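Worksheet for the structure shown next.
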Amino acid sequence: MGSLFILRCFLLFFFLFQGAFAAAGKIWSRTEMVEMAGYGEQKLSSVIITGSLLCDNTSCPHLPSIAIPGATVAIKCHTGYKRRSKWIKAVTDDLGEFEIDLPSQLHAIPDMENTCVVKPIHVPKLYRCNHRSTNTHKRIKLVSSTNGFRVYTSGKIKLQGHSSRS
């Protein structure tokens, strides 16, 4: 008897609300459904890491540091216990500056300043700067945060050595 009552209630509910759903008459497109679920083409947040790579001339300390174009710089973040992200790489421009756009799966890392480090990976042979023996790791600092767009900087990463161009 109880199951017949439940069946009648279900059928009544189905017929009453089927008209309400049909009255809406809206059939969602794939694009609309993807955007409603939060997977649209528009990024919800962006995290950019910037900095510059310089070579200090130790033989002539009065000379300014030299920018290192074409060097490879990478960032790595702790994403949990015994887990790290992969190295995310960028190449410096003519002024020795780099910009890394972190993938979205790393945007939610808590306390990014203490969990992410930037490191020079490769310096062109033209610049004889020591980037291996110093094991240079530089932390990042938050520069700005507005509307889901965060910018961090590693500042100036100075490597020791001298340039063959000076």
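Some notes on this structure:
- Highest-first packing order for the peptide set 92-98, 26-32, 152-158 is 152-158, 92-98, 26-32, based on the mean count of other beta carbon atoms within 10 Å.
- For segment 47-160, a simple Cβ point-charge model (Lys and Arg +1, Asp and Glu -1, everything else neutral) yields a dipole of about 580 debye relative to the Cα centre.
- Distant-in-sequence amide contacts of Ala71, defined by a placed amide H-H separation under 5 Å and a gap of 5 or more residues or a different chain, comprise Thr92.
- Whole-angstrom Cα spans of segment 47-160 along principal axes, big to small: 43, 31, 20
- Most positive-pole-ward Cα, Val73, Ile49, Tyr152, against dipole of segment 47-160 from beta carbon charges: Val73
- Extension gain, Trp28 to Glu97: 0.36 nm times the residue separation minus the Cα-Cα distance gives 20.3 nm.
- Ser45 paired with Ser144, simple spin-label distance in nm, labels 7 Å along Cα-to-beta-carbon: 1.9
All of the numbers you see were taken from the coordinates with simple rules; none came from a lab. What you are looking at is a predicted structure, and each value in this text was computed from that prediction instead of being measured. Quick reminder, even Gly has a Cβ in these numbers, built from the backbone with ideal geometry, and neighbours come from all protein chains shown.
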